[in-house]
Amino acid sequence: MRYDAQNILAQPALPRAELWRFLLGLALIAACYTALGHGYFTLLSELVAPQDWPALAREIDEGSSARAMLAILASFGLITISLALVLKLLHNRPLASLFGAGRDFMGQSLRIGTALSGFAILLWVLPEPAMLQPFHNIDYLRWLAILPLSVPLLLVQVSAEELLFRGYAQSQLSARFSQAWIWLLMPALAFGLLHYDPAATGGNVWAIMLSAALFGLAAGDLTARAGTLAPALALHLFFNATALLYLAPGDRLFGLALYTYPFELSDRALLPVWLPYELMTLLCAWLTARLALGR
């Protein structure tokens, strides 16, 4: 009964729910995204002076400047474009069908967004472990000036991932399989694997993948309870706004962050402090969203 609302998202997928079609869709999305990404970064390299491109390429690789982070966030729009094309050609369904009913989506977005904003304020006033005390990264006025660009592009990034994993993957699998563990667990595990980056995270790679997979499971659970992508989008925005715009690691993706942590993602000493804090925050945010959803 708790996942009956998933049927709302599964319904548009039912006419073309074959497993081979879904797997082919994933392959086509990956191929289309790769092709579009090559064109995107080629065009970007043509828009800057030739002598500036090597520096910008390094910044993009590390996410170490505002311009690099804006370019990275904007590139996620290519996932949404690829997904829209595959949905139309292979499944004969519009991109909008992944969001759920419009009225429910808007109402849930407002309620859960408000609740998570309150939770964010609570986290802000609570003391943090000494190891997590941040350093100032960007001048306040400059950070505020960039927000009109960074917030919409963060929405592009968050919505692209949620449309792919909780929208497309979860709806297609739930239309094909009745067992909830399949259509909840498979996208969550894939989302965790997406965060496999040992070059950046070193020995912490498995902990970061676990955290990402558990986030995917929480977002999938909220989606199935709500019948829309609203709670998953709100939860994802809450975490990514915190990690990319407010408080980022000191070595990766910190170009838009107001503050940075005094450690690198590969620092093994942070694991006993950071991972429990991250997982507890996820649990509390998930419960906050559920309370706001009322399910």
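Evaluate the following for GLY100: is it surrounded by 14 or more Cβ atoms within 10 Å (Cβ to Cβ), in a loop (DSSP other than H, G, I, E, B) and out of contact with any Lys or Arg (no Cβ under 8 Å at 6 or more places or on another chain)? Yes: the conditions hold for GLY100.
From the list ASN204, ASN240, the one residue that fits, being within 20 Å of ALA115 (Cβ to Cβ) and touching a residue at least 60 places away in the same chain (Cβ under 8 Å), is ASN240. Being closer than 30 Å to LEU265 by Cα, in contact (Cβ under 8 Å) with a residue 40 or more places away in the chain and not polar (S, T, N, Q) is the filter here; which residues of segment 32-67 pass it? Matches in segment 32-67: TYR33, LEU36, GLY37, GLU59, GLU62, GLY63, ALA66, ARG67.
Only a single item in (1) out of contact with any Pro (no Cβ under 6 Å at 6 or more places or on another chain); (2) under 17 Å from ALA169 (Cβ atoms) is not met by LEU89, and it is number (2). Applying the set (1) buried (at least 20 other Cβ atoms within 10 Å of the Cβ); (2) closer than 30 Å to PRO12 by Cα; (3) under 13 Å from the mean Cα position of the chain (by Cα) to LEU244 leaves exactly one unmet item: (2). Please go through segment 171-222 and pick out each residue that is of a type in the set (S, T, N, Q) and under 21 Å from LEU19 (Cα atoms). Answer for segment 171-222, where residues must be of a type in the set (S, T, N, Q) and under 21 Å from LEU19 (Cα atoms): SER171, GLN172, SER174, SER178, GLN179.
To keep it simple, each residue is scored yes or no on (1) outside any helix (DSSP H, G or I); (2) over 17 Å from GLY202 (Cα atoms).
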residue: ASN240; (1), (2): no, yes
residue: LEU244; (1), (2): no, yes
residue: PHE254; (1), (2): yes, yes
residue: LEU265; (1), (2): yes, no
residue: LEU270; (1), (2): no, no
residue: LEU275; (1), (2): no, no
residue: LEU283; (1), (2): no, yes
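Among the residues making up segment 185-201, those that are closer than 22 Å to ARG268 by Cβ and either in contact with a helix residue (DSSP H, G or I) (Cβ under 8 Å, 6 or more places away or on another chain) or in contact (Cβ under 8 Å) with a residue 40 or more places away in the chain (or both) are GLY192, LEU193, HIS195, TYR196, ASP197, PRO198, ALA200, THR201. Given the options GLU161, GLU128, name the one that is out of contact with any Ser or Thr (no Cβ under 9 Å at 6 or more places or on another chain), of a type in the set (Asp, Glu), within 30 Å of ALA68 (Cβ to Cβ) and in a helix (DSSP H, G or I). Step by step, each of GLU161, GLU128 is checked, and only GLU161 is out of contact with any Ser or Thr (no Cβ under 9 Å at 6 or more places or on another chain), of a type in the set (Asp, Glu), within 30 Å of ALA68 (Cβ to Cβ) and in a helix (DSSP H, G or I). Does any residue of segment 221-229 turn out to be in a loop (DSSP other than H, G, I, E, B), over 18 Å from the mean Cα position of the chain (by Cα) and either among the charged types (D, E, K, R) or surrounded by fewer than 20 Cβ atoms within 10 Å (Cβ to Cβ) (or both)? Checked segment 221-229: no residue is in a loop (DSSP other than H, G, I, E, B), over 18 Å from the mean Cα position of the chain (by Cα) and either among the charged types (D, E, K, R) or surrounded by fewer than 20 Cβ atoms within 10 Å (Cβ to Cβ) (or both).
Within segment 157-177, does at least one residue satisfy the condition of being at pLDDT below 95 and over 20 Å from GLY25 (Cα atoms)? Within segment 157-177 (the criterion being at pLDDT below 95 and over 20 Å from GLY25 (Cα atoms)), the answer is no, since none of the residues qualifies.
For segment 278-295, a residue qualifies if it is surrounded by 15 or more Cβ atoms within 10 Å (Cβ to Cβ) and not polar (S, T, N, Q), and the qualifying residues are GLU278, LEU279, LEU282, ALA285, TRP286, ALA289, ARG290, ALA292, LEU293, ARG295. Candidates in segment 1-31 are the residues that are aromatic (Phe, Trp, Tyr) and under 24 Å from the mean Cα position of the chain (by Cα); of these, the one that is surrounded by the most Cβ atoms within 10 Å (Cβ to Cβ) is PHE22.
The values are calculated or read from the model by the stated rules, or taken from the named source; none is laboratory data. Computed from a prediction, not measured in an experiment: that's the story for all the values here. FYI the Cβ positions are ideal-geometry reconstructions off the backbone, even for glycines, and counts take in every protein chain you see.
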